[in-house]
Amino acid sequence: MPRWSCCRYSRDYLRHTVLVRLRHCASKRRIFREFAEAGLAGGELYDGLVGAAARKHQLPLITCDRRAEPTYRVLGVNYELLLPISR
């Protein structure tokens, strides 16, 4: 798949799924400005959207995604990282 096609698919996916829900959560411009100022890029943007929704609704975010932890931290999201049970 050509790169431009992937970008268009990603843009359309976000526009029709996550961003539709985001309009109830916060101003799109403000949230993306916050992401840019935090230096978020790539997959961090999706993590940022998830975190922003939890933050807006003052709900703790329960996650197993260690990779997303720095994004939640920089955005001030109340989160709890679940760790695997060691046997």
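Listed conditions (1) modelled with pLDDT of 90 or more; (2) under 14 Å from the mean Cα position of the chain (by Cα); (3) outside any loop (DSSP other than H, G, I, E, B); (4) not hydrophobic (A, V, I, L, M, F, W, C) are all met by Arg21, apart from (1). Hey, could you check the stretch 48-87 for residues that are assigned to a loop (DSSP other than H, G, I, E, B) and of a type in the set (A, V, I, L, M, F, W, C) and say which is surrounded by the fewest Cβ atoms within 10 Å (Cβ to Cβ)? That would be Ile85.
When the stretch 37-87 is filtered for residues that are of a type in the set (Val, Ile, Thr) and at pLDDT below 95, the ones remaining, listed by number, are Val50, Ile62, Thr63, Ile85.
The values are calculated or read from the model by the stated rules, or taken from the named source; none is laboratory data. All figures in this text were calculated on a predicted structure; none of them were measured in a lab. Neighbour counts run over all protein chains shown; Cβ positions are idealised from the backbone, glycine included.
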